[in-house]
Amino acid sequence: MELISAIVPSYNEQEALPYFYKEICRVAEEFKKKDVEMEFIFVDDGSKDKTLEIIKNYAAEDERVHYVSFSRNFGKEAAIYAGLEAAKGDYAVLMDADLQDPPALLPEMYAAIKEEGYDSVATRRVTRKGEPVIRSFFARMFYKIMNKMSDVDLVDGARDYRLMKRVMVDAILSMTEYNRFTKGIFGWVGFKTKWLEYENTERVAGETKWSFWKLFKYSLEGIIGFSTMPLMIASWLGVIMCMVAAVAIVFVIVRQLLFGGSAFGWPSMVCIIALFSGIQLLCIGILGQYLSKTYLESKKRPIYIAKEKR
Ligand code: UDP
Ligand code: MG
């Protein structure tokens, strides 16, 4: 019998979990008829509400339920890693606890791997219905910039909802970096992936855990983790500014020789100094971003700390 591990990162999901559990159990019944077992791995990402309690209740009555509980909130990326580590299945699927990744799609995803020979089936939403307009706008911008800047392909609207074969799970687990940008990691490891499209659904209960600021930082994480283009831009800015300076020096010398002393022009000088120091600070800032990531990476801290598991 084959086994599918469903990995569910859950952070303060006490409202959504009952709906999710009911739905995933229904899908598991469907799979059972096809001789496929399921296990559910809930990763409690340091929730402050009753999430862990609810998960433990499920685990007490249901053999298929396993859980990892973090000592604090480590973020969804860490939760995904912990879940994949705990998964014993021949396949693993990542899904949100809020039913925005409809479990009902799972049989179709499984069929694509089984019958069409894909290594993984991923999903993307074609609409961003129910999302703040400004958030959609920045999300679109991010994907455009990211795809220009980095070697890995990022699909606009891609969700983390993805069914993978064991080989791909092991490949992802072999990437033990501390600064994890899972969307980039999926692309980086490769494998033949089928994309399923679906309409965005709104979360069934509870609230989104992503503020605009959190998403912004997440996008920077992606750019710095999967592209060195900003460093290149900093270097080229330096080159261009040197050339501008060279032209300016020649201009000043020639003018001095032809027309003599020039005391006027200090306002323009102030502007130039301000501009150039701004560019310098920007470039140092870019360097600093990479350096800080390297610093964190070199500490080799664990990706998460588990308090309890089953
Ligand atoms: N999540 C998590 N840790 C976090 C934030 C979110 O494990 O720090 C989980 C959350 O419980 C949910 C999934 O990640 O299962 C997606 O979060 P959410 O629905 O809030 O994001 P959105 O769908 O709004 O992008
Ligand atoms: Mg959601």
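The values are calculated or read from the model by the stated rules, or taken from the named source; none is laboratory data. Values in this document were obtained by computation on a predicted structure and should not be read as measured data. Backbone-built Cβ (ideal geometry, glycine too); neighbour counts: all protein chains shown. When the accessible area is computed, the model is the full protein with side chains, heavy atoms only, and any ligands, DNA or RNA have been set aside. Shrake-Rupley method; radii C 1.70, N 1.55, O 1.52, S 1.80 Å.
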Go through 105, 84 for me and flag whichever is more than 13 Å from ligand 1 (Cβ to nearest atom) and within 25 Å of residue 219 (Cα to Cα). 84
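Yes or no, residue by residue, for (1) among the β-branched types (Val, Ile, Thr); (2) within 16 Å of ligand 2 (Cβ to nearest atom):
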position	(1), (2)
135	no, yes
160	no, yes
165	no, no
179	no, no
185	yes, no
191	no, no
194	no, no
Note on the range 81-104: residues within 14 Å of ligand 2 (Cβ to nearest atom) and among the aliphatic types (A, V, I, L, M) are 94, 95, 97, 99
What's the total number of residues in the range 276-301 that are open to solvent by 100 Å² or more (accessible area, probe 1.4 Å) and either more than 19 Å from residue 177 (Cα to Cα) or assigned to a helix (DSSP H, G or I) (or both)? 6
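If a residue must be in contact (Cβ under 8 Å) with a residue 12 or more places away in the chain, assigned to a helix (DSSP H, G or I) and surrounded by fewer than 22 Cβ atoms within 10 Å (Cβ to Cβ), how many such residues does the range 104-123 contain?
Of the residues in the range 104-123, the ones in contact (Cβ under 8 Å) with a residue 12 or more places away in the chain are 104-110, 112-113, 116-123.
Of the ones still in play, those that are also assigned to a helix (DSSP H, G or I) are 104-110, 112-113, 116.
Still in the list and also surrounded by fewer than 22 Cβ atoms within 10 Å (Cβ to Cβ): 104-105, 107-108, 110, 112-113, 116.
Residues flagged as in contact (Cβ under 8 Å) with a residue 12 or more places away in the chain, assigned to a helix (DSSP H, G or I) and surrounded by fewer than 22 Cβ atoms within 10 Å (Cβ to Cβ) within the range 104-123 amount to 8.
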What single numbered condition from (1) in contact (Cβ under 8 Å) with a residue 12 or more places away in the chain; (2) in a helix (DSSP H, G or I) fails to hold for residue 304? (2)
When you look at residue 218, is it within 16 Å of ligand 2 (Cβ to nearest atom) and part of a strand (DSSP E or B), yes or no? no
Going through 93, 126 one at a time, which residue ends up being open to solvent by 20 Å² or more (accessible area, probe 1.4 Å) and either hydroxyl-bearing (Ser, Thr, Tyr) or in contact with a strand residue (DSSP E or B) (Cβ under 9 Å, 6 or more places away or on another chain) (or both)? 126
Across the range 88-99, what is the total count of residues that are touching a Lys or Arg at 6+ places or on another chain (Cβ under 9 Å), away from ligand 1 (no atom under 13 Å from the Cβ) and part of a loop (DSSP other than H, G, I, E, B)? 2
